[in-house]
Structures are given as structure tokens and as C-alpha cells.
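Below you'll find the structure, written out as C-alpha cells, and then a few comments.
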Amino acid sequence: MENEYYYNETVTRFYDAVYENFPYLKAGADFYRDEISQTRGRVLEAGVGTGRIFLPALAAGADMYGLDYSERMLARLKEKLPANEHHRVWNADMRRFDSGMSYSLVISPFRVFQHMLTVDDQLNALNSIYNVLKDGGRLIFDVFNPDLKRLITPINDFLEFEGEYEPGKKLQRYSTVSYDNSIQQMELKFRFVWDEDGEEKTGTFTTPLRYYFRYELENLIGRTKFKLEKVYGSFTRDEFGSGSKEQILILRK
């Protein structure tokens, strides 16, 4: 079954306000921007979102392009992007796309690959990306390294973020996480509470995510034409080990 989810208005509206304040996301953004800066030629971000990585890289001179499945997220990105640069981003499904261009690097940051719920989804995404890479080009993506204790410990309405989405306007985000380990999926639910026009308002967003173990990923990649070059355990390029929180994979065509 395909993961036909969409970012709703609530999560899209507050996406930047929340994620600009997570330290580990800053480390990830720095990692990807460093990889982009070392790349000659076009770079594609599969799952470009609101442009947290895309926009600074483009401003620094990278030949950036981006696709996203969510039209709402792309609309937010285009609000920040000059009109003459809108051709660089478009709505597409990473499981089945062909942009008509080839790329030296494709990145899919911040757990995008965990939205690929089935093996067919995963292989289709990898093969679609392989087909748009130049010979010798790379794909880099990250997923979290599963913590076995967390996989048996549901989270219920945990206050994960508290801050402002505009000056003087408070925002809270609560997280609820449940697991179905038989299919290696988690259901993630966000509950937003915010101030607006003197009233407290609420909204929710729910999405499934797939989690992966290292050798499962290696076997998956072995079913494609990609060569797995490296698996890092952190965005500071530490070797992958039992205590690693991240799985950052570098694949080459």
C-alpha cells in the first residue's frame, strides 16, 4: 500500500517555527550543505519541503533543484523564492519522477526516506533517483537508527516544542508516537496549540513512518544498481556503531 499522505495546513504553517529550533536538525543541515558545496554540477533535493537546506545552498551559489510531494510545502517555499527561480522546484512523487535533467548529487534529508512504507515504495524511489543521476553521481539520505527501548515505549502527548511562531504569539507542539513492530512502522501524531486573535486554537497532523535497521538497508540497496560507499552514525561523520542515533547513507551510481 502506498503512502499517500499530505502535509495539512496546520503542520505546514508551523513547520519552520518548530524545526528552526531543533539542534540536531542544524547539524544535519550543516552536513548536507557541506556535501553540496563540494559538488560540481546540479544538485536535486528530493523532499525539499520549505527550503531549509535548499535556500541557503542556492544563495551560496549551488545549482539547486527540488521536488516535493506536498503542494502546500512547495507553496511555502515559493513564498521565499524569487519568481524567476520558481522553475527550480516542482511537485512530484520521488517514487516515480523524471525531471528531464541529470544531477551530480541527490539528497533526501531529514527522514524523507522513512515515508517510503513498503519495499516497492523504497525500490521505486531508489531506482527513480538512480535514473536521474549522472554516472558517478551520489545519493545521500538519512534515517534514524532504531532504539530498541523506544520501540516498546509509546509516547503520549509529550510537549516537544514550546516557543513562538510570530513575535508575541505562542506555539506548542505535542507528540504522540505508537509502534507496530510487526511491520516496522510508527504512527506519529502532532498536536499543535497556538495563540491567534486572542484565542487558543488547536490542530493535529498524523503520519506513518517506516524505520530501518542497517543490514535491512544494505540488502535493499543491494537490489538496486547503486554501490553503497559509506554509512555514517552522525552528522559529524562518526563511524556507525551500536550507540549511533543516525544512519546516513552515501550511495554512488
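Which of the trypsin sites (Lys or Arg not before Pro) found in segment 201-240 are in a DSSP loop and have at most 14 neighbouring Cβ atoms, other than their own, within 10 Å?
The qualifying sites are ARG223, LYS225, ARG237.
Counting other Cβ atoms within 10 Å of each Cβ, which GluC sites (Glu not before Pro) in segment 1-54 have at most 11 and sit in a DSSP loop?
GLU4
Rolling a 1.4 angstrom probe over the protein heavy atoms, how many square angstrom per residue are accessible across segment 125-253?
55
Find, among the trypsin sites (Lys or Arg not before Pro) in segment 131-200, those assigned to loop by DSSP (not H, G, I, E, B) with at most 12 other beta-carbon atoms within 10 angstrom.
Qualifying residues, ordered by number: LYS149.
What does the accessible area of TYR69 come to, in Å² to the nearest 10, when a probe of 1.4 Å is used?
Counting only protein heavy atoms, the figure is 60 Å².
Counting only the backbone N, which residues of segment 200-220 are under 12 Å from the spot 7 Å out from the Cα of ASP180 toward its beta-carbon?
Counting only backbone N, you get 208-210.
Could you identify which residue out of GLY66, GLY51, GLY163 has the top mean-square fluctuation in a GNM of the chain using Cα springs shorter than 10 Å?
Judging by the Gaussian network model, the answer is GLY163.
Residues of segment 1-113: accessible area per residue at 1.4 Å, in Å²?
46
Quick one: if the Förster radius is 35 Å, what FRET efficiency do SER99 and LEU159 give, using the C-beta to C-beta distance and rounding to 0.05?
Approximately 0.30, to the nearest 0.05.
Express in nm, to one decimal, how much length is gained between LEU151 and TYR19 on full extension, taking 0.36 nm for each residue of separation and deducting their alpha carbon distance.
Length gained between LEU151 and TYR19: 45.2 nm.
Would you mind checking the pairs LYS230/LYS253; LYS78/LYS189; LYS78/LYS170 and listing those with alpha carbons more than 21 angstrom apart?
Listed pairs above 21 Å: LYS78/LYS189; LYS78/LYS170.
Rounded to the nearest 10 Å², what accessible area does ARG72 show when all protein chains are kept and the probe is 1.4 Å?
For ARG72, the solvent-accessible surface is approximately 120 Å².
Quick one: among PHE240, PHE158, PHE226, which has the greatest mean-square fluctuation in a GNM of the chain with alpha-carbon springs under 10 angstrom?
PHE158
For n ≥ 4 DSSP H runs only, could you compute -39500 (n - 2.57) per run for the chain, divide by its residues and tell me the 222 nm figure to the nearest 500?
Taken over the chain, the calculation gives -7500 deg cm²/dmol.
Measure out, as a whole number of angstrom, how far apart the alpha-carbon centroids of segment 194-253 and segment 23-84 sit.
17
What is the sum of charges, Lys and Arg at +1 and Asp and Glu at -1, for the other residues whose Cβ falls under 12 Å from the Cβ of ASP147?
Residues close to ASP147 contribute a combined charge of +2.
Taking springs between alpha-carbon atoms closer than 10 angstrom, which of GLU71, GLU199, GLU166 fluctuates most in the Gaussian network model of the chain?
Maximum fluctuation in the GNM of the chain, among the listed residues, is at GLU199.
With the full set of protein chains in place, find how many percent of the accessible area of segment 99-253 is carbon and sulfur; take the probe as 1.4 Å.
Carbon with sulfur: 46 percent of the solvent-accessible area.
Which aspartates and glutamates have a Cα lying under 13 Å from the Cα of LYS225, excluding residues fewer than 8 positions away in the same chain?
In chain and number order, the partners are ASP135.
Let me spell out the model: positive unit charges on the Cβ of Lys and Arg, negative unit charges on the Cβ of Asp and Glu, origin at the Cα centre of segment 62-117. What dipole size does that give, in debye rounded to 20?
180
Are there any helices in the chain, counted as whole DSSP H runs, that stretch 27 Å or more along their axis by Cα and score at least 0.0 on average by Kyte-Doolittle, and if so which?
Both cut-offs are met by no helix.
Percent antiparallel among DSSP beta bridges with both residues in the chain, to the nearest 5?
For the chain, the DSSP antiparallel bridge percentage is about 75.
Using the Cα atoms as the points, what is the convex hull volume per residue of the chain in Å³?
130
With only Lys, Arg, Asp and Glu charged, each at its Cβ (+1 for the first two, -1 for the last two), find how big the charge dipole of segment 18-145 is about the Cα centre; round to the nearest 20 debye.
In debye, rounded to 20, segment 18-145 gives about 180.
How big is the dipole moment of the chain about its Cα centre under a simple scheme where the beta carbon of each Lys and Arg is +1, that of each Asp and Glu is -1, and everything else is neutral? Debye, nearest 20, please.
Magnitude of the dipole: close to 920 debye.
If I model a spin label as a point 7 Å beyond the Cα along the Cα-Cβ vector, how far apart are those points for GLU216 and LYS169 in nm?
3.9
I'd like the accessible area for ASP197, computed on protein heavy atoms only with a 1.4 Å probe and all protein chains in place. Round to 10 Å², please.
130
The values are calculated or read from the model by the stated rules, or taken from the named source; none is laboratory data. Since the structure is predicted, the reported quantities are computational estimates derived from the model, not experimental observations. Counting neighbours? That spans all protein chains shown, and the Cβs are built from the backbone with ideal geometry, glycine included. Side chains are part of the model used for accessible areas, which takes the heavy atoms of the whole protein and leaves out ligands, DNA and RNA. Shrake-Rupley method; radii C 1.70, N 1.55, O 1.52, S 1.80 Å.
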